[in-house]
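First the structure, in the form of structure tokens, and then the observations on it.
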Amino acid sequence: MSEQDAKVRPEAGTPDTGEIPQYARPAVRLMPGPTAAEPEDEPAAHSKRRRWTLTAMAVLGAGAVAAAVTLGPTLIRITQQNDAKLTMPEKIGAMVRDDSPAAKDTAGYLLTALAAGIELDSSTSGIYTDPAEDATKSVMVFGGTTTMFSPERELDTVLKLMEDETGGVAGLTDYEPGDLGGVLKCGSADGPDGVMAVCGWADHGSIALALFPGRTPAEAAPLMTTIRTATLTR
């Protein structure tokens, strides 16, 4: 390369100084080229996007963990309990099912009242009498199956509806539901022949109520557990 060519050819990355006055050429050579800042801006933008991505992933991950901790046990119970079947066998302990037309009409009426408070996939009812006891102590059972996310709330709703049939259920108390889980509550209400116990159970797959004329809630609660064991299968 000749000395003249070296003077005319501009340095790489600098403007062509051929048309620039001699006194200004040193300053032009010190000016950054048009792309000098781009390699620095690009990593900065990439780093910022990466921080936002990591932050979003952390928030979503924390939410998923919280949901799993909160809902996990409930979802497991729903899976275990939602395949429920409720039937009214001919006998429950010493009690025998009353299949008379009057008994069936009464049981059906109570079942209609229950269905007004909760949508059921299937339903059934029955009236049971112990031959060794007074017929006025017949037990009326009615319920059905459906998937419930909040069994206790559903049970409280249908017990509230019983106010129209019994004048109100007082003194509701939680009792041990037994191996079938869920919730079991009993209270008292006014019946045609005096005070009677009203009990109900609910889990993630079934709900049922029972009326116990001539019995206190404390007397009715263990009998309700026996009825549940005899009528509910999963």
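Got a number for carbon plus sulfur as a percent of region 101-166's accessible area, 1.4 Å probe?
Numbers: 1650 of 3370 Å².
Within region 101-166, the accessible surface is 49 percent carbon and sulfur.
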Accessible solvent surface per residue of region 96-145, calculated while the other protein chains remain in place, 1.4 angstrom probe, Å²: 50
Potential extension, THR157-THR173 segment - 0.36 nm per residue separation minus Cα distance: 4.2 nm
Gyration tensor over alpha-carbon atoms, region 106-234, equivalent ellipsoid semi-axes in Å: 21, 16, 15
How big is the accessible area of ARG215 in square angstrom, nearest 10, if you roll a 1.4 angstrom probe over the protein chains? 30
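The values are calculated or read from the model by the stated rules, or taken from the named source; none is laboratory data. Keep in mind that this is a model prediction, so the values were computed, not measured. For accessibility, only protein heavy atoms count, side chains too; no ligands or nucleic acids. Shrake-Rupley method; radii C 1.70, N 1.55, O 1.52, S 1.80 Å.
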